[in-house]
Each structure stands twice: as structure tokens, then as C-alpha cells.
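**Student:** Once you've had a glance at the structure underneath, I'll fire off some questions.
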Amino acid sequence: MSEAFAMSAEERDRLLAQLHDLRKPFREEQIGKLPRVTCKECADFRTHCPKPDHQKRRCPECQAWVSPKHIHIDYVGHADVVERLLETDPFWTWEPFALDEDGTPKLDTDEFGRPVGMWIRLTVLGVTRPGYGSCPSNQSDAVKVLIGDAIRNGAQRFGVALAQWQKGDRSNPAAENVVADAGQRAMPPQQRAADAAVVVDENWVGVFEKRLAESTLDTVHRFRQDVVDAMRQRTINSVTANRLLEAVKERADALDEQSRIGPDGLPRNKDGTVARSKVTDEQLAAAGHMTGPEKRAHNALVKEVTSSPRKADRLRAVPTGEPWTQPSGPAPGGDVA
Ligand SMILES: [Zn+2]
Ligand SMILES: [Zn+2]
């Protein structure tokens, strides 16, 4: 900042004009609609909202596959924000606000230690302002999302996409970000220490794992809440909680797969066809399905016949001894795929 004051009046005016340019409105096609879910239960990935009219569907307005209980927030995407910064200052940079002991950017995390927030310093035209990126705690590729979101948020402090920002909620530093769900605040040091001090109740864990192993497709989803509750009651720490949540997911996936075993004992894909990648040729043959080599020969034949249609040769008379001319016996069972 000190350099800004050491410049001539002319340079200062030019800088102000450039900073002002950052605030130019965006074109309509650069402004997207982002859904923000307003039902707390729909928004929490650990629970399943039971309300029938809250089930996810395609929203005709924002195109998202999401609970219909949502509002729309205007936003400008990362690429357009970065383009605006580059147009104004090709040398714009950002850096994390703070580094962890191991030299990586310091992240706010949720109660399971997953990244949900990050502060940065954004420097444009030599002027540095803070930005906060946030994401929901189940965000995949969270750090990438946090960086993009923090840059967008920092740019808003320069007036980029100000019109969209002004519609947002300014009472909350994360909510003020037009593109992000408000993540939970970081686990404060005391809480982190408290988590580390939790003596995991191995007995509880053992009983939980045994119950989980006996769970069914109908009951397995309830186990997530048990893990969350146990962590809140300090029966387990966040490391164990993460491990158990992973185990719940694996169990649910396994049960889902088992539920798709066909009458021939072979696993099915979601569309009901045999999951061929999961079975051997012997299993396929035993159940009356085409084996791998047979399937390939079949596909090659289909391709040959359908890719170059030829006129069939017409026979002058029914040939003798031709099996197709014999009256049919009982229908053989077999592959219809
Ligand atoms: Zn709901
Ligand atoms: Zn929508």
C-alpha cells in the first residue's frame, strides 16, 4: 500500500481509474444462477430430508439436480472474474493468509477435519485486500474450490461483480460470497486439542462395527447419525469418526450391490443387465449367458451384417435336411440378452 502513496498525482489518478474499471458490470451471459438450498435437512449431506416434496430434481431455472427448496443467487464464474483481473493487471497475484506448520495454506476445517474455508490476500494493481473462500464440508476437490472461491471473494472487495455481491448477505463473511455455501467455521485450537484428548471408546466402536456388519439396506443410512452423535458426545474423536463414516459408506455400497443380484446368482448393473466385468466366463457359461469370446464374436457378426447390408440369396426350394424346416420341439431355455 505504501507505494500507492509515493506516486505522483497523475499515476494515482490512473490507478484509481484502473481500479474503477474492475467494477464494470458483467454481460448478462456471464451471470449465472446458483441454487442455495434453504432447507437445513436437505442441505446437510449427513441426513436425508424425509419431506416428499423436497426430493432432488432437475431445476428448470438453474439446471441443477437439487432439492426444490432453494433460492437462486446471481453469480459470476471464476473464469470471468480471472479474465477481469487479467485485463486490469496481468501481474495480479494471490497468496494464502497463513501457512500451516508444514508450509501448506492454512485451512478452516469442519468437525471432521475436512477443509471448508480459506483466507487469502489478493493483490491487484499493487493493492492488497483479503478474500475468504468457503465450500460445503462434503465438497470434492475442496482446496481447488476454496482457492477459486477466495479469489472471487477477494475480487469482490475490489468491486468485481459488485452488483451480484450487494444482493448477498453481508452479515456472514462466508455467506457474503455469492457462490459458496456458508461452511462451518474452523475448529478452534481449543476444540482441536479437545478432539485430540478424546479417549476413543473402543468398546463402543466394536459394538458399532458389529451392528454395522448386520445392517440392511433399510437401516444402514442411520449409522451416519450415530457416528456424528458419538463424536459430539466425545465417545470417539474425529479420526475415528471419519474412518467409521467411510465404513458406513462401504457397507451401504456393498448392500446396494448385493441387492442387484439376478435370479441366476450373477450381479446386475443398475440397468438390470449382467455386470460382466464382475464375473468369469465360467460363471457366464454356467448361467447360460454369452462368454466374453462369444460376445465379441456376436458383436463382430452384428457389426458385419448391419454395416454392409446385402441382398439375401433367394432359394428356389426348401432344402432337405435343413434343421430350420423341422417342426419345433420344446423351447430351450437360454440367453435372451
Ligand atoms: Zn428438506
Ligand atoms: Zn434452481
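**Student:** For residue 144, list the lysines whose Cα falls under 28 Å from its own Cα; do not include residues on the same chain fewer than 8 positions away.
**Tutor:** 24, 33, 40, 56, 69, 106, 167, 249
**Student:** So if a site counts as exposed when it's one of the chymotrypsin sites (Phe, Trp or Tyr not before Pro), its DSSP state isn't H, G, I, E or B, and it has at most 13 other Cβ atoms within 10 Å, what's the longest stretch of the chain without one?
**Tutor:** Between the exposed loop sites, the longest stretch runs 92-337.
**Student:** How many percent of the accessible area of the chain is carbon or sulfur, using a 1.4 Å probe?
**Tutor:** 54
**Student:** How high is the relative contact order of the stretch 189-258, given as a whole-number percent (alpha carbon pairs under 8 Å, six or more residues apart)?
**Tutor:** Relative CO of the stretch 189-258 lands at 42 percent.
**Student:** Additional query: Could you give the accessible area per residue of the chain, probe 1.4 Å, as a whole number in Å²?
**Tutor:** 65
**Student:** Right, here's the next one. If you plug each phi of the stretch 234-250 into the Karplus form 6.51 cos²θ - 1.76 cosθ + 1.60 with θ = phi - 60°, what whole-Hz ³J(HN,Hα) values come out, in order, with x for Gly and Pro?
**Tutor:** With coefficients 6.51, -1.76 and 1.60, one gets 6, 7, 9, 9, 5, 5, 5, 4, 4, 4, 5, 4, 5, 5, 4, 5, 4 Hz.
**Student:** Given Cα pairs under 8 Å that are at least 6 residues apart, what percent is the relative contact order of the chain?
**Tutor:** 11
**Student:** Same structure again: Under a point spin-label approximation (7 Å from Cα along Cα-to-Cβ), what is the residue 14-residue 259 distance to one decimal in nm?
**Tutor:** Placing both labels 7 Å beyond Cα along the Cβ direction yields 6.7 nm.
**Student:** Within the P(r) computed for the stretch 189-258, what percentage of the Cα pairs occupies the region above 20 Å?
**Tutor:** Of the Cα pairs, 29 percent sit more than 20 Å apart.
**Student:** Still on this model: Mind checking which lysines have their C-alpha under 16 Å from residue 278, skipping anything on the same chain fewer than 8 residues away?
**Tutor:** Correct list for residue 278: 270, 295.
**Student:** Helix-derived [θ] at 222 nm for the chain: sum -39500 (n - 2.57) over DSSP H runs of at least 4, divide by residue count, nearest 500?
**Tutor:** Calculated at 222 nm, the ellipticity per residue is -11000 deg cm²/dmol.
**Student:** For an R0 of 35 angstrom, estimate the FRET efficiency from the Cβ-Cβ distance between residue 300 and residue 79 and round to the nearest 0.05.
**Tutor:** Plugging the Cβ-Cβ distance into 1/(1 + (r/R0)^6) gives 0.20.
**Student:** Select from the stretch 1-88 those trypsin sites (Lys or Arg not before Pro) which occupy a DSSP coil region and have at most 11 other Cβ atoms within 10 Å, ordered by residue number.
**Tutor:** 27
**Student:** Quickly work out the residue 280-to-residue 222 label distance, labels modelled 7 Å from Cα along the C-beta direction, and quote it in nm with one decimal.
**Tutor:** If labels sit at residue 222 and residue 280, their model points lie 4.0 nm apart.
**Student:** I've got another one for you. Check residue 116: other-chain or 5+ apart residues with amide H under 5 Å from its amide H, H built from backbone geometry?
**Tutor:** Amide H to amide H, under 5 Å and 5 or more residues apart or across chains, residue 116 pairs with 108, 109, 110.
**Student:** Roughly how many debye, to the nearest 20, is the charge dipole of the chain about its Cα centre, given +1 on each Lys and Arg Cβ, -1 on each Asp and Glu Cβ, and no other charges?
**Tutor:** 960
**Student:** Express the relative contact order of the stretch 2-166 as a whole percentage, based on alpha carbon pairs under 8 Å and six or more residues apart in sequence.
**Tutor:** Answer for the stretch 2-166 is 21 percent.
**Student:** Once both labels are modelled 7 Å past Cα along the beta-carbon direction, what's the residue 33-residue 320 spacing in nm?
**Tutor:** 7.7
**Student:** Using only alpha carbons, build the gyration tensor for the chain and give me the equivalent ellipsoid semi-axes, biggest first, whole Å.
**Tutor:** 56, 34, 18
The values are calculated or read from the model by the stated rules, or taken from the named source; none is laboratory data. Everything numeric in this text was worked out from a predicted model, so none of it was measured. Note that each Cβ is placed from the backbone with ideal geometry, even for glycine, and that neighbours are counted across all protein chains shown. Side chains are part of the model used for accessible areas, which takes the heavy atoms of the whole protein and leaves out ligands, DNA and RNA. Shrake-Rupley method; radii C 1.70, N 1.55, O 1.52, S 1.80 Å.
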